[in-house]
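Beneath this line is the structure, given in structure tokens, with notes to follow.
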């Protein structure tokens, strides 16, 4: 088991380094400043690396803007930049992350994601093979979500001395009439649902960055949640609020929920979906798993009467098998988030103050 | 209404200028890694620096996505990342550039820009006063264009040793029925119109970066073109193609036009709107002004019969006073772009091969 884990961490590192050491051998192709200059080399980069991987009917005309058909309903619009280091980690890479992050920001609004933009800011010297790998991931995740990359942009910046790539994705989606997430509608007694194992993304990135080998491999949970959210909403249950617990983790979302609803939250430690591997790794590192980023989980506030039904729908979905009801809203004032510990005690859960794990998403 | 908008633009500009002179002190506040961590410091950065400057009804709810009302027509969607160095240059800064670039990518599709996203990737150590200045510029340019910043994201990355800030903007717009730019519709005899003085943006950035003092100051032309394009289209003239000549300059756009229309282009050197200052600076630097980036100009292909009328509308707009008809399409094969020089000769105009001026937009 430990050997497996070490191997995975090693493999992921090697993939990243492979490109590194070959490049010392002068013939590995790398991105040049001129690839971002808007001239022939830019066209070549797009024609040979980007477009064949992302090809679709919206992107193909390569105009200044993509043209989408008229959409029936309100429009959702969101953006996110991704700065993860290393670029490749167990369970994913920056490409998968960039697609899932933006798809999920639309999904948790209850919107159907329609199209993504992809803004690449590449450091000079990035191996083209690594760029290709990331673009393959973008394409795979976009296909998994069923959302095309409709428009994009590529810039090249000076080398910082490590493989560097920043990705921005923006996304548009359609919000059907009759659904609006609104923490203001939450009432005492409403349930908090978490769609699966927490803290995996942050710990996966950290493990490969720090060269740590945990007992069991921890893989990033990065996944597009639009299908899962659709399944939850299709129950007809009263889902009052949805959020993906990324930066700041579950603790951040719960703190926001208390603030925005004006209600307190009681969370049962024993009910939190935390794998043994995550608990072990977090303890080893002195980190609170509740503050660690997830990239394929959703937190839902659901009317008490509908909670079990929504939970069942969640568990029936491949991305929600480990879903759990973890707590409920109460009228206790002032609005705070309390963890009812396994030992029978109470501990305050607060938003992480600064930066625990830089550049994990 | 117009007075309100003008006042907003004026106030924002004044704020921009004020911060400039205050910003020297040594114990100047700077951006920390933790400002990007998603915790309390991120909320503080947003609450004290970003949101007060960009406030509008779409942004205010601060949900995972902005919710826009249903839009009547096809949707245009575009993205662009901005990596200019230095961040501030004569005539503008990265904030103004980031708004104008994306507004213009929508405008040249014939679309009415509706909303922008703003993705900030800030290097640790960036003075907060400089960030504030850039955000004021974003606000001023957005007010000038009449397009709100509806959604955003902020990340912080490790310091590279210089003031560093990368901005991605994406934009959505509405494309009215009945208008589609289409280089395929261009016919021999159609005219090429350029909306004003060329090469100012690239030379302005280069001048401050290289510490060059030209005889006359060259200021970036960065400006939102949606109003100008609206004026051109309102003539009812047959405008077949529009493009803003940014990276790659006019030469890049003309090369694309020849390729996409299958026609040749004859451009008259004497007709090109080039200021004396630009000609002098370009000569000094050994650069071809046709390959230098613009950020507030549009190139239009117009049916021969409508060319004068569209030109007149362009000249009547404050951003199009120096507009000129610079050439026409011909059936000469193979499709090439030729410059009819002042001396009576012919010179081939081609797309710049690599990168002449890195990080100018």
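What do you reckon, is residue B:30 surrounded by fewer than 19 Cβ atoms within 10 Å (Cβ to Cβ) and touching a helix residue (DSSP H, G or I) at 6+ places or on another chain (Cβ under 7 Å)?
Judged against the criteria, residue B:30 is a match.
Give the residues of the range B:147-175 that are modelled with pLDDT under 95, in contact with a helix residue (DSSP H, G or I) (Cβ under 7 Å, 6 or more places away or on another chain) and within 12 Å of residue B:120 (Cβ to Cβ), sorted by residue number.
Residues satisfying the conditions are B:154, B:155, B:156.
Return the residue satisfying two criteria in turn: it lies in the range B:29-55 and is over 20 Å from residue A:255 (Cβ atoms), in a loop (DSSP other than H, G, I, E, B) and within 13 Å of chain A (Cβ to nearest Cβ), and of such residues it is nearest to the chain's Cα centre (by Cα).
My answer is B:31.
Exactly one condition in (1) in contact with a helix residue (DSSP H, G or I) (Cβ under 6 Å, 6 or more places away or on another chain); (2) within 22 Å of residue B:44 (Cβ to Cβ); (3) facing another protein chain (nearest Cβ under 7 Å) is not met by residue B:78; state its number.
(2)
Given the structure, is residue B:129 surrounded by 22 or more Cβ atoms within 10 Å (Cβ to Cβ), outside any loop (DSSP other than H, G, I, E, B) and at pLDDT 95 or above?
Judged against the criteria, residue B:129 is not a match.
Checking residue A:63 against (1) more than 28 Å from residue B:253 (Cα to Cα); (2) at the interface with chain B (Cβ under 7 Å from one of its Cβ atoms), only one condition comes out false. Which one?
Failing condition for residue A:63: (1).
Working only within the range B:105-120, note down all residues that are part of a helix (DSSP H, G or I) and facing chain A (nearest Cβ under 8 Å).
Hits for the range B:105-120 are B:105, B:106.
So that you can scan it fast, the table gives a plain yes or no per residue for (1) surrounded by 24 or more Cβ atoms within 10 Å (Cβ to Cβ); (2) part of a loop (DSSP other than H, G, I, E, B):
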residue	(1), (2)
A:144	no, no
A:151	yes, no
A:160	no, yes
A:167	yes, no
A:179	no, yes
A:184	no, no
A:188	no, yes
A:197	no, yes
A:205	yes, no
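May I ask you to list the residues in the range A:335-352 that are over 21 Å from the mean Cα position of the chain (by Cα), assigned to a loop (DSSP other than H, G, I, E, B) and either in contact (Cβ under 8 Å) with a residue 12 or more places away in the chain or within 14 Å of chain B (Cβ to nearest Cβ) (or both)?
Listed by number, the residues that qualify are A:335, A:336, A:341, A:342, A:349, A:350.
Name the residues in the range B:317-334 that are part of a loop (DSSP other than H, G, I, E, B) and surrounded by fewer than 16 Cβ atoms within 10 Å (Cβ to Cβ), would you?
B:321, B:331, B:332, B:333, B:334
Pairs under 8 Å by beta carbon, first residue over 20 Å from residue A:78 (Cβ atoms) and not assigned by TED's automatic domain parsing to the domain that holds residue A:306 in the range A:231-244, partner at pLDDT below 95 and surrounded by 22 or more Cβ atoms within 10 Å (Cβ to Cβ), six or more apart or different chains?
Short answer, once both residue conditions are applied: none.
So which residues in the range A:235-276 are under 17 Å from the mean Cα position of the chain (by Cα), more than 16 Å from residue A:323 (Cβ to Cβ) and in a helix (DSSP H, G or I)?
Selection gives A:249, A:251, A:252.
The values are calculated or read from the model by the stated rules, or taken from the named source; none is laboratory data. Small disclaimer: the values here were computed from a predicted structure and weren't measured. Every residue, glycine among them, receives a Cβ derived from its backbone with ideal geometry; neighbour counts consider all protein chains shown.
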